[in-house]
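What follows is a set of notes on a single structure, which appears directly below.
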There are 2 protein chains.
Amino acid sequence: MAAMPQPSATDQTLNALRDKARILRIHSLVTTTRAGSGHPTTCLSAADIVSALFFHAMRFDPARPDAPDADRFVLSKGHAAPLLYAAQAEAGVYPLGRLSTLRQFSSELEGHPTPLIPGVDAATGSLGQGLSVGAGMALSAKRLEKNAVRVYVLLGDGEMAEGNVWEAAAFAAHYSLDNLTAIVDVNALGQSERTMYRHDAESHRRRFEAAGWDAVAIDGHDMAAIVRAIDRARGPELTRSGRPQAILARTEKGHGVSFLADKDGWHGKPVPQADLPRALAELAPVPSEPPADTRSRARATGGAPADFPPLAPPDYALGFQIATREAYGKALARLAAVSPRIVAVDADVKNSTFSEYLEKAHADRFFQGYIAEQNMVSVGVGLAARGYTPFVASFACFLSRAYDQVRMAAISRSHIKLCGSHCGVSIGEDGPSQMGLEDLAMFRAIPGAAVLYPSDGMSADRLTESLARLPGIGYIRTTRPKTPTLYGASEKFPIPGFKVLRQSPQDRVTIIAAGITLHEALKAHAELAAQGVAARVIDLYCVKPIDAEGLAKEVRAAGARVVTVEDHFAEGGLGEAVLAALATSGVSLAAARRLAVAGVPHSGTADELLDAFGISAKHIAAAVKSIL
Amino acid sequence: MAAMPQPSATDQTLNALRDKARILRIHSLVTTTRAGSGHPTTCLSAADIVSALFFHAMRFDPARPDAPDADRFVLSKGHAAPLLYAAQAEAGVYPLGRLSTLRQFSSELEGHPTPLIPGVDAATGSLGQGLSVGAGMALSAKRLEKNAVRVYVLLGDGEMAEGNVWEAAAFAAHYSLDNLTAIVDVNALGQSERTMYRHDAESHRRRFEAAGWDAVAIDGHDMAAIVRAIDRARGPELTRSGRPQAILARTEKGHGVSFLADKDGWHGKPVPQADLPRALAELAPVPSEPPADTRSRARATGGAPADFPPLAPPDYALGFQIATREAYGKALARLAAVSPRIVAVDADVKNSTFSEYLEKAHADRFFQGYIAEQNMVSVGVGLAARGYTPFVASFACFLSRAYDQVRMAAISRSHIKLCGSHCGVSIGEDGPSQMGLEDLAMFRAIPGAAVLYPSDGMSADRLTESLARLPGIGYIRTTRPKTPTLYGASEKFPIPGFKVLRQSPQDRVTIIAAGITLHEALKAHAELAAQGVAARVIDLYCVKPIDAEGLAKEVRAAGARVVTVEDHFAEGGLGEAVLAALATSGVSLAAARRLAVAGVPHSGTADELLDAFGISAKHIAAAVKSIL
């Protein structure tokens, strides 16, 4: 808090912080009882810590909590939201009367925090992700912005079981993030029973220490101990030590109210209205109720992705063979050259996703995330929260490892970009564990996400540029084998949109494909043409948002018969996207076939597999003929 | 190996093991060069370890590697598959000549191992999951089977960055799995660059130790040291110590061939044919090539889920209010009473998913997985590999955390069952981070998975029983609020199938729903009927597999107009499943509307949210009228 900047605390300061903690406990109880739901006891355990952070440690102007030089706070244990809101309101970020709107549909003070609230950088509530978001912001402050911003992350002890926390711990130590403090509220009570390590803060401490952190265990209700531990972060021992700081704070869930403290059965339950006076009496004196304030101070969200001049197209001649994954990497490097806000994170596959092109050109803007996809995505969310446009990449199938983190990124209104390489059975011999066959379903079901699927080097390049300009989350799906360049340098790829690659007035069927199967569709078209069957061929490079009206027009003009074909499982993929779009656009289909991979695939050559799993030119031609 | 059972190794034994390691290196090089792809250098680093495991430590009969008393081996670093295959063939699990089929479409010896191969319990190749699978098997051996089976897991150092490994490490220590040995091949080379900790085996050792393991660091090419370390597992120090064992083995990637050893740029590359003689010369003498053997010894897979007598239905009267999540929990407990093979794992939400009913009745068959969904799912795969039918449960949204593990479970042909509770916006005030709105898309895109979505207590009960009987992966989606019982005790719920709840010869439209929206559809039906509009209402309790033919018949009979409504995002959900099924079944729809949640939801009451996100009775009635 701006009002208490002194680094070492006097008794007066400590007493003020203790009193503030008492007030935060009161707000937490009162607002959850009024809302009729919420998690007050998890607020009570962490109230002393949050008081010390907001009213002693953190440097920020409550009128501008999102200023570039403001310290950051991530509430990884998002269910303690009422405590965060109480601290923000007490600090003056919004009026105290706003707290009475907790959990109402009209209020930005939701059950778990989101960046609709000023000062909140990422949505939390799916546990174990906050430390990665914090690490992303600390990385940005230290390595990109090069400023003195400090990042504080408050975790619960229950979420210490999430592997994501340990990915983040290793990452933060590896990148020497001595501007990052993690505080764990070791209250020993999970939702359904005692936590794995109960009150053994020392166990958590040892694990942080083994991961390369400075780690101390303290009594989380001893304000002097809390302040002393937090102050070390800016003291001589840790400044420029290269070691992130962990504080393991033993606490009581429900601390401060005798009938709640360390009691089972209170997780996620507000104190009943009838019992509230009894609880508040223990925290007396209770301040008078502020006037209700129902004016939302919700932030405009959606982020502002990097702005930069148009990129010149690459010099891929028609027919030039290049894998879309490589064209993506080359585009990324060229983007980074024109926009200083483009950064990349990879998961030890930079030589497969071709993120390495960016690293080779701009090593300072490439971060090796090692084989830890969850942390990679949430670090990306942290980087995006600091104004960067992160491209995070791995094999498409391994992004499934971070699906929860991507889901939370959408709730965070983040504008991270993801690239999944090696999609489909066309990767060949490495076998099913390496084949992304559910990524379209996965990313299509992320609200607001764009899903792009280029078929050649030129479209891969142009779509990578588009992705960088798009607000919100975006996904680009790239292919392992080389494919011939189909498009010239002047071609535009609007979003939404598609390309009609083959057409005639005689068309009686429309084949819709993207990626490797588009090339199979073109082969099928040639075969069919030789047999006198006229088919339209569409490259659906933008799977989401889908140009339903445009597709409906093309399909109607070609006999209302459609064949979709994709190197993906049938469920949630390109075919379903197309068929649902046509149905809800009022197209009465005469016939439809959906070709997609069924069952668990196998090792083999790419051609063998495209054929065995029914998505090769031969199968496309047969499907067309079956519906004429 | 059956032939070398002595616990402490003589010089003769050590020399035999060294020679076996040499032979395994030769096979690894020869087979990958022949295949033209693969990861020989990662085989060379681990060859000494695997030799010691297969030909000294593990107790199993090569003719029956899957016997109940056979020790287990999990190759978590699945890309070292050629080494595993070489060891199995040398042990006699299949003929040596079979190795020449590596990575061929006709061969079960795929690029990464799967349970098509005898002795392999789970697919690996997505890194960082093997220790959880091993922990699941060790848990089963120790706590359920109560036998002397020992489980060995070989990990790479690159995958130590995966949080899943640390979830498993904490879990194994918590459950005192002293029948589990993890060996880490610290070869210091990832795919794209050096690993985070390079050759610092001590760092890994400290982290295992901090997690409660017995952990030693050794030279992974010193056969005496390897054997000594492995033998400790059955020695007095560790037997019944309650501590799992970790061996951190410093190795060289490519060890044994000078131009490969510890060299960058060789990951995932076979030695070119021209260079092979040079490599083999360093490993001489090379045994003569065995006759090729192309007869597959692939296992029949699909698993055998629990078999048990039919369960009597519960006594839920029509109209009785019960949440499907609670009916699921009650069914689970009753199933466990009739089948000793039913077990449950939960992620600290047993009082929300209602897994706690099973725990209360059969505490020995309930395992608390804490807040670590990745480990929970892969432990389930381990339990299933031992013949149990594990039901693993969390909030639907948090299963997204383990999507990669579910994906691999399908490749493992596992028969784990998953339950996702708290689906959709109908959970209310907790807000978007707690709402499962992508789980149908997620599980539909798992090959072979059944996706069930009950709307009332009776169907939830009956479908939980069906799930236990189904082979393969299955998912059941449960709802937080109570709903009235719609079905009587004699009702059957075939898979695939659906129920027509309202119909008349005058029907001009079909409303298709499930779960909470089915009840909204029934309200809409009443409203519409009062206005003289006849609509058919279908409960699509089985979203996958879908009874396309049956649905087509109903929809055609009711004017070929359809409205789908679901508490899920539009993409990959019930609506797309239905519209794609109708399109590919030849139904020419007159009109279609798909109601689903769009955008990021918000906190609020359940009714407020169903209405705000367009899936309440009011919106259904309006959609119906809009297409008449």
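The values are calculated or read from the model by the stated rules, or taken from the named source; none is laboratory data. The structure presented is a predicted model; accordingly, all values stated were derived computationally and were not measured. Cβ sites come from the backbone with ideal geometry, for glycine too, and all protein chains shown count toward neighbours. Surface accessibility is based on the protein's heavy atoms, side chains included, excluding ligands, DNA and RNA. Shrake-Rupley method; radii C 1.70, N 1.55, O 1.52, S 1.80 Å.
The simple Förster model, with R0 at 60 Å and r as the Cβ-Cβ distance, assigns B:GLU549 and A:ASP11 a FRET efficiency of 0.15.
Classified by the C-alpha gyration tensor, segment A:78-141 has a prolate form. Its axis ratio a/c, with a ≥ b ≥ c, is 1.5 or above, and a/b is larger than b/c. Seen against the Cα atoms of chain B and their longest principal axis, helix B:81-91 is set at about 60 degrees.
Potential lengthening of the chain between B:ALA312 and B:ALA363 amounts to 16.1 nm, from the contour at 0.36 nm per residue minus the alpha-carbon distance. Per residue of peptide A:366-377, the mean number of Cβ atoms on other chains within 10 Å of the residue Cβ is 5.
Inter-label distance, B:ASP275 to B:ARG299: 3.6 nm, where each label sits 7 Å from its Cα along the C-beta direction. For the segment B:35-44, counting C-beta atoms of other chains within 10 Å of every residue's C-beta and taking the mean gives 1. Among the trypsin sites (Lys or Arg not before Pro) found in segment B:529-628, not one is both in a DSSP coil and sparsely packed, with 14 or fewer other Cβ atoms within 10 Å of its Cβ.
Among the listed pairs A:LYS146/A:LYS350; A:LYS492/B:LYS269; A:LYS360/B:LYS253; A:LYS253/B:LYS350; B:LYS20/B:LYS253; A:LYS77/B:LYS77, those whose Cα-Cα separation exceeds 29 Å are A:LYS492/B:LYS269; A:LYS77/B:LYS77.
Between B:ARG194 and B:SER490, the contour length at 0.36 nm per residue exceeds the Cα-Cα span by 100.3 nm. Buried between A and B is an accessible area of approximately 8200 Å², summed over both sides with a 1.4 Å probe. Per residue, segment A:417-516 exposes 23 Å² of solvent-accessible protein surface, assessed with a 1.4 angstrom probe and all protein chains in place. Assign one of three labels to the protein assembly as shown, namely rounded, prolate or oblate, based on the Cα gyration tensor with a ≥ b ≥ c the square roots of its eigenvalues; rounded applies when a/c is under 1.5, prolate when it is not and a/b is larger than b/c, and oblate otherwise. Judged from the Cα gyration tensor, the protein assembly as shown comes out rounded (a/c under 1.5).
Ranking B:ARG462, A:ARG198 from most to least accessible surface, computed with a 1.4 Å probe over the protein chains only, gives A:ARG198, B:ARG462. Does anyone have the angle between helix A:373-385 and the longest principal axis of chain A? Alpha-carbon axes, 0 to 90°, nearest 10? That works out to roughly 70 degrees. Look at the stretch B:123-133: the mean tally of other chain Cβ atoms within 10 Å of its residues' Cβ atoms is 4. In chain A, the longest principal axis of the Cα atoms and the axis of helix A:457-469 are about 30 degrees apart.
What does the helix-only formula give at 222 nm for chain B: each DSSP H stretch with n ≥ 4 adding -39500 (n - 2.57), the total divided by the residues, and the result rounded to the nearest 500 deg cm²/dmol?
Helix contribution divided over all residues of chain B: -10500 deg cm²/dmol.
The listed residues B:SER490, A:SER585 rank as B:SER490, A:SER585 when sorted by accessible area, largest first, using a 1.4 Å probe. Accessible area ranking (1.4 Å probe, heavy atoms, ligands and nucleic acids excluded), largest first, for A:SER455, B:SER37: B:SER37, A:SER455.
For segment B:527-549 and segment A:486-565, what is the separation of their Cα centres, given in Å? With segment B:527-549 and segment A:486-565 each reduced to a Cα centre, they are spaced 34 Å. Electrostatic tally near B:LEU75: other residues with Cβ closer than 12 Å to its Cβ, Lys and Arg +1, Asp and Glu -1, net -1. Distance between the modelled labels on A:GLU145 and A:GLN321, one decimal in nanometres: 4.8 nm (7 Å Cα→Cβ projection).
Note on A:ARG469 and B:PHE105: with the Förster distance fixed at 45 Å, the Cβ-Cβ geometry gives a FRET efficiency of about 0.60. Local charge for A:LEU399 was computed over the other residues whose Cβ lies under 9 Å away, with Lys and Arg +1 and Asp and Glu -1, and equals -2. Note on segment A:261-301 and segment A:169-197: Cα centroid distance 26 Å, given to the nearest whole angstrom. Extension gain for A:THR239-A:ARG18 works out to 76.9 nm (0.36 nm per residue, less the C-alpha to C-alpha distance). Within segment A:505-534, what residues put their amide N at less than 13 Å from the label point 7 Å along the Cα-to-Cβ vector of A:LEU628? Label zone hits: A:506-511, A:524-534. What does the charge count around B:ASP430 come to, taking other residues whose C-beta lies under 10 Å from its C-beta (Lys +1, Arg +1, Asp -1, Glu -1)? After counting each charged neighbour, the total is 0. With 10 Å² as the minimum drop in accessible area between chain alone and full protein complex (1.4 Å probe), the qualifying residues in segment A:207-236 are A:ARG207, A:ALA210, A:ALA211. Note on segment B:223-256 and segment B:357-404: Cα centroid distance 29 Å, given to the nearest whole angstrom. Once the 1.4 Å probe is applied to the protein heavy atoms, segment B:73-228 comes out at 20 Å² accessible per residue. By accessible area, using a 1.4 Å probe on protein heavy atoms only, segment A:222-312 has 55% of its surface on carbon and sulfur. To check you understand DSSP bridge types, tell me what percent of the beta bridges within chain A (both residues inside) are antiparallel, rounded to 5. Looking only at bridges with both residues in chain A, the antiparallel portion is about 15 percent.
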